[in-house]
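Just below is one structure, and these are the notes that go with it.
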Amino acid sequence: MDSFIKILTTLGIIAALGFVGKEYYELLTDLKNQKELIKSQADEVGEVVAMWVKKSASMEDLKNYSAQLTAKKNTLDAEEERKLAEKREKITFNEKIPHDGKPGGTINITLDASKSTPTEPGDDMSWNWISTDGKVSDFDPGSKEISFNAEAGQYNFQLTVTDSYGASSSEIRIVDVSAEENEAPKIIIEKK
C-alpha cells in the first residue's frame, strides 16, 4: 500500500508540474512575442528618426532660424513697448515745478472731470477719485475736480464716474512732476 501511495503522489507531482510547465511555456512564448513586437516598433521609430535627421536642417540653418525668431521677437517687443508708451502718453500729464530761487518746492495740480457726461441725458452722476499709489490723500474723492500740491515725482489716480443706474466708467491718469530746473552758475573772472 505504501508503494501505491508513493506512485499516486509521484503521478500527482508530475501532473502538477506538467500543468505548471504548460503555463510557464505559454508565459515565455507570450513574453517572447511581446519582445519581438517591441523590437520591430523600435526599429520603425529608429528608421523614422534617421529619415528625419537626414532631411532636417543643418545646425547652421537652425542657428539662422533661431536668429530670425529672436529678431522677430525683438521687433514685436519693441512694437508693444511703443504702443504702451503711446497709451501712457495719452494718460500722462507732465508738469514742472517753476524755478523760484528756492530748492525743492511744489506745484499746484488740479485734475478736472467736470466735463464728463452721462450716456443718457438726465442721469445723475457721482465721482470717485482714488490715489492709487497713496501719495495724495488730502482731497474730496467725490468731487468733480481734485487739487493737490505736488513735489517732484509721479502721482497715479483712478476716477470712476457712476450714473444713477449704477453703470460706471473708469479712467486712470498719471501726473509726472519734474523738479525745478536749475543750471550751475557761470563763472566769469576778470582782471582789473
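The values are calculated or read from the model by the stated rules, or taken from the named source; none is laboratory data. Please read all numbers here as calculations on a predicted model, not as lab measurements. All Cβ positions, glycine included, derive from the backbone under ideal geometry; neighbour counts span all protein chains shown.
Would it be correct to say that Asp124 is in contact (Cβ under 8 Å) with a residue 40 or more places away in the chain and farther than 21 Å from Ile91 by Cβ?
Values: in contact (Cβ under 8 Å) with a residue 40 or more places away in the chain: yes; farther than 21 Å from Ile91 by Cβ: yes.
Considered against the rule, which asks whether it is in contact (Cβ under 8 Å) with a residue 40 or more places away in the chain and farther than 21 Å from Ile91 by Cβ, Asp124 comes out as yes.
Against the criterion of being of a type in the set (A, V, I, L, M, F, W, C) and in a strand (DSSP E or B), Val177 qualifies. If the condition is being among the acidic types (Asp, Glu) and modelled with pLDDT of 85 or more, then region 99-149 contributes Asp112, Asp123, Asp124, Asp133, Asp138, Asp140, Glu145.
The combined condition, being surrounded by 11 or more Cβ atoms within 10 Å (Cβ to Cβ), at pLDDT below 80, under 22 Å from Asp176 (Cα atoms) and not small (Gly, Ala, Ser), is fulfilled by Ile91.
Within region 166-192, take every residue that is surrounded by 10 or more Cβ atoms within 10 Å (Cβ to Cβ) and among the small types (Gly, Ala, Ser) and give me the one that is farthest from Trp129 (Cα to Cα). Outline the logic, then answer.
Filtering region 166-192 for residues surrounded by 10 or more Cβ atoms within 10 Å (Cβ to Cβ) gives 167-180.
Going one step further and asking which of them are among the small types (Gly, Ala, Ser), we end up with 167-170, 178-179.
Working: Ala167: 16, Ser168: 13, Ser169: 12, Ser170: 10, Ser178: 23, Ala179: 25 Å.
Among residues in region 166-192 that are surrounded by 10 or more Cβ atoms within 10 Å (Cβ to Cβ) and among the small types (Gly, Ala, Ser), the one farthest from Trp129 (Cα to Cα) is Ala179.
The single residue among Lys87, Lys96, Lys102 that is of a type in the set (Lys, Arg) and farther than 17 Å from Ile174 by Cβ turns out to be Lys102.
Scanning region 131-146 for residues that are of a type in the set (S, T, N, Q) and surrounded by 12 or more Cβ atoms within 10 Å (Cβ to Cβ), we see that the one that is nearest to Ser168 (Cα to Cα) is Ser143.
Which is surrounded by 13 or more Cβ atoms within 10 Å (Cβ to Cβ), assigned to a strand (DSSP E or B) and more than 28 Å from the chain's Cα centre (by Cα), of Asn128, Asn149?
Numbers: Asn149 fails: surrounded by 13 or more Cβ atoms within 10 Å (Cβ to Cβ).
Of the residues listed, the single one that is surrounded by 13 or more Cβ atoms within 10 Å (Cβ to Cβ), assigned to a strand (DSSP E or B) and more than 28 Å from the chain's Cα centre (by Cα) is Asn128.
Each row is one residue, and each column tells you yes or no for (1) closer than 30 Å to Asp112 by Cβ; (2) modelled with pLDDT under 80.
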| residue | (1), (2) |
| --- | --- |
| Val48 | no, yes |
| Met51 | no, yes |
| Asp61 | no, yes |
| Glu79 | no, no |
| Ile97 | yes, no |
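Scanning region 94-125 for residues that are more than 26 Å from Asp163 (Cα to Cα), of a type in the set (Gly, Ala, Ser) and surrounded by 15 or more Cβ atoms within 10 Å (Cβ to Cβ) returns a single hit, Gly105. Residues that are assigned to a loop (DSSP other than H, G, I, E, B) and within 33 Å of the chain's Cα centre (by Cα) are absent from region 89-111 altogether.
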